[in-house]
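Engineer: Structure in structure tokens, see below.
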Amino acid sequence: RDPTVDTSFINQGETRLELERTKREISREFERHQETIRKEQIQLKYVYFDGSKLEKALVLTKGQTVGDFLKEARLVLQKEYADLRGVSWESLLFVKDDFVIPYNYTFYDLLVYNVQGEHGPLFKFPAEATHVEDHGKVFKDQHYSVKIVEKSSYEATRHLFPQRTWRIFDHLKYLKGQLTKEKSIL
């Protein structure tokens, strides 16, 4: 900046106010868009990991948590598996590919993080799932099924394959690993 230049004709106060107003408007629009995405419906295939290959599916929204999914899946599964009737949903694990996903993550979070497992992305939805205009459409995960496992069963067999390859998903470690991979490419 040149301090000798006359800038008195520029109204700095109004310019800053206009900039702040524009920032707030863009932020609100972004949040509305994200909320629309969180309301999109998805269908996830799952199996109760007891050796059977009986696959089921649940429809939920991207904004729901893994805990919400386990609650609903438990209600469906306890009709066929009597041993689940006395089990709380907190005693179940959500395993996708090689990650045990904690209850507090939403499916939106997992999609935003673009989590990659051993066999590619954890969730694979059709290309049209990225378009928000498809209101009311249910997007089906076209990848491996979710495994629902009792914690006690996992603890008893964690030394066996495939349980020994499972690891707890931590987005901070995951993002750090992704950043490290990106840096190594450069």
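Engineer: So with the 1.4 Å probe, I'd like the accessible area per residue for the range 6-104, rounded to whole Å².
Structural biologist: It amounts to 61 Å² per residue over the range 6-104.
Engineer: How much net charge surrounds Glu150 when only other residues with a Cβ under 13 Å from its Cβ are counted (Lys, Arg +1; Asp, Glu -1)?
Structural biologist: Once all neighbours under 13 Å are counted, the net charge is +1.
Engineer: Roughly how compact is the range 1-118, stated as its Cα Rg over 2.2 N^0.38 Å to two decimals?
Structural biologist: Its radius of gyration relative to the 2.2 N^0.38 Å reference: 1.81.
Engineer: How much net charge surrounds Asp98 when only other residues with a Cβ under 11 Å from its Cβ are counted (Lys, Arg +1; Asp, Glu -1)?
Structural biologist: After counting each charged neighbour, the total is +2.
Engineer: With the cut-off at 20 Å, tell me which of the pairs Lys62/Lys151; Lys147/Lys173; Lys39/Lys124; Lys71/Lys96; Lys45/Lys173; Lys53/Lys79 have Cα atoms farther apart than that.
Structural biologist: Lys62/Lys151; Lys147/Lys173; Lys45/Lys173
Engineer: Give the ranking of Glu25, Glu72, Glu35 by solvent-accessible surface, highest area first, calculated with a 1.4 Å probe.
Structural biologist: Highest to lowest solvent-accessible surface, that is Glu25, Glu35, Glu72.
Engineer: Got a number for the accessible area of Leu160? Probe 1.4 Å, square angstrom, nearest 10.
Structural biologist: 80 Å²
Engineer: When averaged across all projection directions, what area in nm² does the alpha-carbon convex hull of the range 24-64 cover?
Structural biologist: The orientation-averaged projected area of the Cα hull of the range 24-64 comes to 3.3 nm².
Engineer: Place +1 on the Cβ of every Lys and Arg and -1 on the Cβ of every Asp and Glu in the range 1-128, take the dipole about the Cα centre, and give the residue among Pro3, Ser88, Leu111 whose Cα lies farthest towards its positive end.
Structural biologist: So the residue we want is Ser88.
Engineer: Roll a 1.4 angstrom probe over the protein heavy atoms and tell me the percent of accessible area of the range 1-84 that is carbon or sulfur.
Structural biologist: The C+S portion of the solvent-accessible surface of the range 1-84 is 53 percent.
Engineer: Just the accessible area for Lys62, please: 1.4 Å probe, Å², rounded to the nearest 10?
Structural biologist: Here the residue's solvent-accessible area equals roughly 20 Å².
Engineer: Once the Cβ-Cβ distance between Val59 and Arg167 is put in as r, and R0 is 35 Å, what FRET efficiency do you end up with, to the nearest 0.05?
Structural biologist: 0.80
The values are calculated or read from the model by the stated rules, or taken from the named source; none is laboratory data. Everything quoted here is computed from the prediction, not taken from an experiment. No Cβ is skipped: glycine too gets one built from the backbone with ideal geometry, and neighbour counts run over all protein chains shown. Remember, those area values only see protein heavy atoms, side chains included, never the ligands or the DNA or RNA. Shrake-Rupley method; radii C 1.70, N 1.55, O 1.52, S 1.80 Å.
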